[in-house]
Amino acid sequence: MEYQKNGTIFKLDEKLDQKVNQLDSLEKIVEMQRKALINRRDFLNNYNNTYWSAEEVNGQVVIELKNDIIFNTGSSVVSANGKETIGSIATALNSIDEPIEIWVIGHTDDRQYNTENKDNWELSAERALSVVRTFITNDLEPSIITAAAKSKYKPEMNNTSATRRQMNRRTEIVVVPTESPYSTIEQLMAEKI
């Protein structure tokens, strides 16, 4: 069906059909990406989860290390168990056959340990960097890794007990696919028909 407006002929049905076809194609890509993400998460969970767990969060795989296993209280030195655990995660990440970025994020509880005169910002940053360095010694590509610190400002729960504080002391490893269809879908949806 053709419409005339200001001397220009618009083929709205054709354009709409093109957009519907693009959207159908993108939905298939998103479903494939979702399945790949679930496969990565399941693979990581089955690889070695004694000291870590993995889950899908907002289209990314988030691996959580328990700091009490990886680090001594107030320290940013990776323990022997920590090196082994981080090494097994590095092996798992190296086997992912798609472009990814890895964000390593250090978290603390709300207590100040005054060890080596560091505050929680420094401690969470140094712990993230220690994990990054351990990844690199286990042959993970340095150019895909970013370290960040959240200190006490992103707790999983309030710090009202020793158990809750222990849950907040953690290091997260976020696996981000670098080729994502999500931004393409957002661009398509933003276009005017």
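The values are calculated or read from the model by the stated rules, or taken from the named source; none is laboratory data. These numbers were taken from a predicted model, which means no experiment stands behind them. Cβ sites come from the backbone with ideal geometry, for glycine too, and all protein chains shown count toward neighbours. Accessible surface areas use protein heavy atoms only, side chains included; no ligands, DNA or RNA. Shrake-Rupley method; radii C 1.70, N 1.55, O 1.52, S 1.80 Å.
Among the residues making up the range 160-172, those that are open to solvent by less than 70 Å² (accessible area, probe 1.4 Å) and touching a residue at least 24 places away in the same chain (Cβ under 8 Å) are Arg165, Asn168, Arg169, Arg170, Thr171, Glu172. Taken over the range 76-87, the residue count meeting the criterion of being in a helix (DSSP H, G or I), open to solvent by 30 Å² or more (accessible area, probe 1.4 Å) and either in contact (Cβ under 8 Å) with a residue 12 or more places away in the chain or within 22 Å of Gln33 (Cα to Cα) (or both) is 2. The number of residues in the range 88-140 that are without any contact (Cβ under 8 Å) to a residue 12 or more places away in the chain and either on the phi > 0 side of the Ramachandran plot or assigned to a strand (DSSP E or B) (or both) comes to 1. The criterion of being modelled with pLDDT of 90 or more, of a type in the set (Ser, Thr, Tyr) and closer than 16 Å to Ile102 by Cα does not hold for Thr160. All conditions but one from (1) open to solvent by less than 60 Å² (accessible area, probe 1.4 Å); (2) outside any strand (DSSP E or B); (3) at pLDDT 80 or above apply to Ile63; the one that does not is (2). Going through (1) at pLDDT below 95; (2) exposed (fewer than 15 other Cβ atoms within 10 Å of the Cβ); (3) in a helix (DSSP H, G or I) one by one, Ile185 falls short only on (2). Condition first: under 19 Å from Asn138 (Cα atoms), surrounded by 19 or more Cβ atoms within 10 Å (Cβ to Cβ), under 21 Å from the mean Cα position of the chain (by Cα) and not aliphatic (A, V, I, L, M). Can you find one or more residues in the range 88-107 that meet it? Within the range 88-107, none of the residues are under 19 Å from Asn138 (Cα atoms), surrounded by 19 or more Cβ atoms within 10 Å (Cβ to Cβ), under 21 Å from the mean Cα position of the chain (by Cα) and not aliphatic (A, V, I, L, M).
Applying the condition of being under 22 Å from Thr178 (Cβ atoms) and more than 18 Å from the chain's Cα centre (by Cα) to the range 108-159 and asking which residue is least open to solvent (accessible area, probe 1.4 Å) yields Asn138. Only one of the numbered conditions (1) farther than 16 Å from Ala149 by Cβ; (2) touching a strand residue (DSSP E or B) at 6+ places or on another chain (Cβ under 8 Å) is violated by His107, and that is (1).
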